[in-house]
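Since the structure comes first, as structure tokens, the remarks are kept for the end.
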Amino acid sequence: MLLLAWFFAISWLPDPRPLSAPEWSVRAMQASIGLSEPAARAVSTIVLRGIGFALLGVLLSLLVRRRPLRWAAPAVLLASPLLAVASQWINFGYFPIQGQVQLSVATAVIGALMGLALRRRALALGALAVFAMGIFVWGSSSNVCDDLDAAARFTGHHVLASAGDVPAGDGGFDTLLRAAFAFAEDNSHGTDAIFPNTAAVLALSVILGEERVADVARRPIDLGRIEEIRGLRNRITMRGRNDLARHFWVSAGLAIVTDEGRAMTIGIGKELMDSTPGGSGFSFVDMMANRAGIMFARAATGTATAARGMQVRISRGMVSDDLLPDVEGLPEGIADERFRTEFGGLRGAGTRRVNDEITRRLAASRGLRLTSDVLD
């Protein structure tokens, strides 16, 4: 029963990410190994993920502790990595990439070996399991650490300070983008630009996208300013459309607080719901805006050099049209029956053709490039 409960827990709990690593673990890594702050966050995250998968092996060993070792060992060593990969698949909504599979398999096997070594000491095994559960859940309790939450709030306050002077339309999008990233540049202090850029993306995703992004991050916003935020949001457009600006920023924010795969899955799910009777219909235009937002988040926060390059490009006049290609000719308003018959559903040939065209347009967008050239 405990094994089943833990499997469902790690299939549902937010996957630990570098920006959400508990501060105590980051400080411990810095003190014990002498790592930089970004490296310490990355290592802490890998350790937390590994604990979750290793515990599957420990609990499997506990389950079969009364069985002969010659039967129990191969069963546990085979089943634990399979369960680990399956939990990732469920959690992400897509099959994990090679690196994720390697981590889950390796740590699940390590956990299985630890459990087999302690199989005759049920009390020690149980204590180990409880301790590991507590560490993992603690590390998964929020997708945004306290420092990032504070930085995003400061950025949001800075952006909202001049909200009354922001023009409507695409120009408002450009004005707010420049304001947020100028603030990020001022707070980079000539060092790693990833952290302030991430705060800028999160602030804009809540202000211009949807306040529920903050709920996903488990960091509710100040409801006293909600009407002000919504009033500003409703005036901002991308390619002349308010819905595209919102799709862009929601997806960018979700890519930060969850991951790119889950951000894309959420966007697809919304379009499928829209295709049902009473909805606005499946929109490939919306899907391109979703993908553009995810790509922008990656380009703005992927590496220190690219993050700095994004600040420079925005300061030199990059506009919303550089972030979202022309939407002309992309199908939208597609009802469920037409989506299935004409496009073949999500995996159909028609859908693939349109997605290939979207990919081509996005690849040509200079604002979405992962580049190390700050003069681009």
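Any read-out appearing in this document is the output of simple, stated calculations on the displayed coordinates, not a laboratory observation. All figures in this text were calculated on a predicted structure; none of them were measured in a lab. Neighbour counts run over all protein chains shown; Cβ positions are idealised from the backbone, glycine included.
Using alpha carbon centroids, what distance separates region 294-353 and region 236-278, in Å?
Cα centroid to Cα centroid, the span is 10 Å.
Please give the length that would be gained between T305 and L82 if that part of the chain were fully extended, namely 0.36 nm times their separation in residues minus their C-alpha to C-alpha distance (nm, one decimal).
Taking T305 through L82 to full extension adds about 76.5 nm, to one decimal.
When the distances between all Cα atoms of region 249-376 are binned every 10 Å from zero, what whole-number percent does each bin get?
That works out to 13, 40, 31, 13, 3, in percent per bin.
If I model a spin label as a point 7 Å beyond the Cα along the Cα-Cβ vector, how far apart are those points for D321 and A117 in nm?
Taking the two extended label points, one gets 6.3 nm.
Mind listing the long-range amide H neighbours of I236? Cut-off is under 5 Å, sequence gap 5 or more, other chains count too, H placed in the peptide plane at 1.01 Å from N.
The list, which skips near neighbours in sequence, is G169.
Per q in 0.10, 0.16, 0.17 1/Å, what log10 I(q)/I(0) does a Debye calculation on the alpha-carbon atoms of region 146-368 return?
Log-scaled intensity ratios, in q order: -0.43, -1.06, -1.19.
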